[in-house]
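Below: the structure, in structure tokens.
Where a number appears in this text, it was derived from the coordinates with a stated rule and is not lab data. Bear in mind that the values here come from a model prediction, so they are computed numbers and not experimental data. Neighbour counts run over all protein chains shown; Cβ positions are idealised from the backbone, glycine included.
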Amino acid sequence: MANNIEFEVEQVYKGRTNEIFVITDPETQVQYIQTIVIGSDGKGVAITPRLEPDGSIHYKD
């Protein structure tokens, strides 16, 4: 697990063409999922809040 100045970043998956990270805001404990996909046309990045099954925001335990 790597930490930067503001957010805790944990790599949870690394494949040949994609990576998935869980990012935690230390102030609010809200977690986000970041996906990086590398293809023949370049690199794409998406980030979204991590949600509970009922659609509410997931907080780090």
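For region 20-32, the Karplus equation 6.51 cos²θ - 1.76 cosθ + 1.60, evaluated at θ = phi - 60°, returns couplings of 10, 10, 10, 10, 10, 7, x, 7, 9, 6, 6, 10, 10 Hz by residue, with Gly and Pro reported as x.
Each residue of region 48-55 is assigned a 3J(HN,Hα), and the resulting list reads 8, x, 7, 10, 7, x, 7, x Hz, derived from the Karplus form 6.51 cos²θ - 1.76 cosθ + 1.60 (θ = phi - 60°), x at Gly and Pro. Residue separation of K14 and V45 scaled by 0.36 nm, minus their Cα-Cα distance, works out to 9.8 nm of gained length. Across region 9-15, computed HN-Hα scalar couplings (Karplus, 6.51 cos²θ - 1.76 cosθ + 1.60, θ = phi - 60°) run 10, 10, 7, 10, 7, 9, x Hz from first to last residue, x flagging Gly and Pro.
What percentage of all Cα-Cα pairs in the chain are separated by more than 14 Å? Value for the chain: 60 percent of Cα pairs lie more than 14 Å apart.
Counting alpha carbon pairs within less than 8 Å and at least 6 residues apart, what relative contact order, in whole percent, applies to region 2-49?
Averaging sequence separation for qualifying contacts and normalising by length gives 26 percent for region 2-49.
Close amide H contacts of E8 (hydrogens built in the peptide plane, cut-off under 5 Å, sequence separation of 5 or more or a different chain): T24. Free of any GluC sites (Glu not before Pro) that DSSP assigns to a loop and that have at most 13 other C-beta atoms within 10 Å, the longest stretch within the chain is 28-61. The residues R16, R50, when put in order of fewest to most other Cβ atoms within 10 Å, stand as R16, R50. Summarising the amide proton neighbourhood of N18: residues at separation of 5 or more, or on other chains, whose placed amide H is nearer than 5 Å comprise I38. Near the amide H of H58, within less than 5 Å, lie the amide hydrogens of Q31, R50, L51, E52, all on another chain or at least 5 residues away, with H placed in the peptide plane. Taking Cα centre as origin and charging only the Cβ of basic (Lys, Arg, +1) and acidic (Asp, Glu, -1) residues, the dipole magnitude of the chain rounds to 360 debye.
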